[in-house]
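Everything below concerns the one structure shown next.
Any read-out appearing in this document is the output of simple, stated calculations on the displayed coordinates, not a laboratory observation. Remember, it's a predicted structure, so these values are computed and weren't measured experimentally. Positions of Cβ are backbone-derived with ideal geometry, glycine not excepted, and every protein chain shown enters the neighbour counts.
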Amino acid sequence: MTRHTVLPVLRARMVLGLLTALPLLTSCATTSAAEAERSKGESTQAAPPASAPQWGLVIHGGAGNISPDMLTPEKQAEYRATLAQALRAGHTVLEKGGSSLDAVVAAVTVMEDSPLFNAGKGAVFTHDGKNELDAAIMDGRTRAAGAVAGLHRVKNPVVLARTVMEKSEHVMMIGEGAE
């Protein structure tokens, strides 16, 4: 590969890796220092409502050279709307009791289906004029992982990465063998 081929491929792989790795689920219940001080003298503290989620969902729209001032207000709104749609997709899965893996796949799939992000449909072309898609996913509970790289025909690489993790003896598959 020439330098001109490698850099776009690496950039696409780094961004897609970020897109698949950064949708992060975490359990959190925090109290600010001020709230803690106020409640010191109280014998009872109100518990959060039973319906309050004890999880969070974070997504990352990519890393690159796009500055907000390079986009029209309409295009910025389009990016934000798609990010919000990805968050809603993951949130809906969690709200219905789905797994964190299901939520991550749902959120990333929205981004892979969008031409706005350097993932799936919006992937940057290599020097040869092809898209090369990568994705990775990991289950933090079991430490199982699955990854795919160098894909040309798969619509949602994150779904295939999960399949590699759950249904194969491999951790990573590349190119034709992965497709």
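Points worth noting:
- HN-Hα J in Hz across segment 129-136 - Karplus 6.51, -1.76, 1.60, θ = phi - 60°, x for Gly and Pro: x, 10, 8, 10, 9, 9, 7, 8
- Measuring r between the beta carbons of R141 and I66 and using R0 = 35 Å, the FRET efficiency lands at 0.50.
- Projected area, mean over directions - segment 73-134, Cα convex hull, nm²: 4.8 nm²
- Backbone HN-Hα couplings from phi across segment 64-69 [Karplus 6.51/-1.76/1.60, Hz, Gly and Pro as x]: x, 9, 9, 9, x, 6
- For N131, the residues whose amide H sits under 5 Å from its own are T126, ignoring neighbours fewer than 5 places away on the same chain, with H placed 1.01 Å from N.
- Segments 142-150, 72-80, 118-126 sorted - mean Cβ within 10 Å per residue, highest first: 118-126, 142-150, 72-80
- Full extension of the chain segment joining E179 with A84 gains 31.2 nm, where the gain is 0.36 nm per residue of separation less the Cα-Cα distance.
- Cα-based reach from K155 at 25 Å (exclusive), listing lysines while leaving out same-chain residues under 8 positions away: K75, K121, K130, K167
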